[in-house]
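To keep things clear, I will list the structure first and then write my remarks on it.
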Amino acid sequence: MPSDKAKANKALTATCAACNKPVSTESAVALTGVEDGRHKQYVVCVTCANGGWRPPGFVGVYAVRPG
């Protein structure tokens, strides 16, 4: 659960690549995918990552985290 301090600090937010919602960086993960033949980091909220969303070209293992 994001702390109140993190929720108030707009510099500590990102937009989820899956659902397009703003999310605290405390409740997000970065998954590596491939875009135009190059590796790219995608910021995804834990809810979407736990729900199975993966970026294009994702190769790896994601361990489900408590959301």
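Among the residues of segment 1-13, is any within 19 Å of residue 65 (Cα to Cα), modelled with pLDDT of 95 or more and among the aliphatic types (A, V, I, L, M)? No; the residues of segment 1-13 include none that is within 19 Å of residue 65 (Cα to Cα), modelled with pLDDT of 95 or more and among the aliphatic types (A, V, I, L, M).
Of all residues in segment 17-67, exactly one satisfies the criterion of being of a type in the set (Ser, Thr, Tyr) and in contact (Cβ under 8 Å) with a residue 40 or more places away in the chain, namely 27. Could you check how many residues of segment 19-57 are over 8 Å from the mean Cα position of the chain (by Cα), surrounded by 14 or more Cβ atoms within 10 Å (Cβ to Cβ) and aliphatic (A, V, I, L, M)? So the answer is 1. Among the candidates 43, 23, the residue that is part of a strand (DSSP E or B), modelled with pLDDT of 95 or more, under 23 Å from residue 4 (Cα atoms) and out of contact with any Phe, Trp or Tyr (no Cβ under 8 Å at 6 or more places or on another chain) is uniquely 43. Each residue in segment 46-67 was checked for being on the phi > 0 side of the Ramachandran plot and modelled with pLDDT under 90, and 1 of them qualify.
Taking every residue in segment 1-16 that is more than 26 Å from residue 54 (Cα to Cα) and pairing it with any residue that is part of a strand (DSSP E or B) and modelled with pLDDT of 70 or more, at least 6 positions away or on another chain, the pairs with Cβ-Cβ distances below 9 Å are 3/24; 9/24.
The values are calculated or read from the model by the stated rules, or taken from the named source; none is laboratory data. It should be emphasised that the depicted structure is a prediction, and the values quoted were computed from it without experimental measurement. Neighbour counts are summed over all protein chains in view; Cβ atoms, including those assigned to glycine, are modelled from backbone coordinates with ideal geometry.
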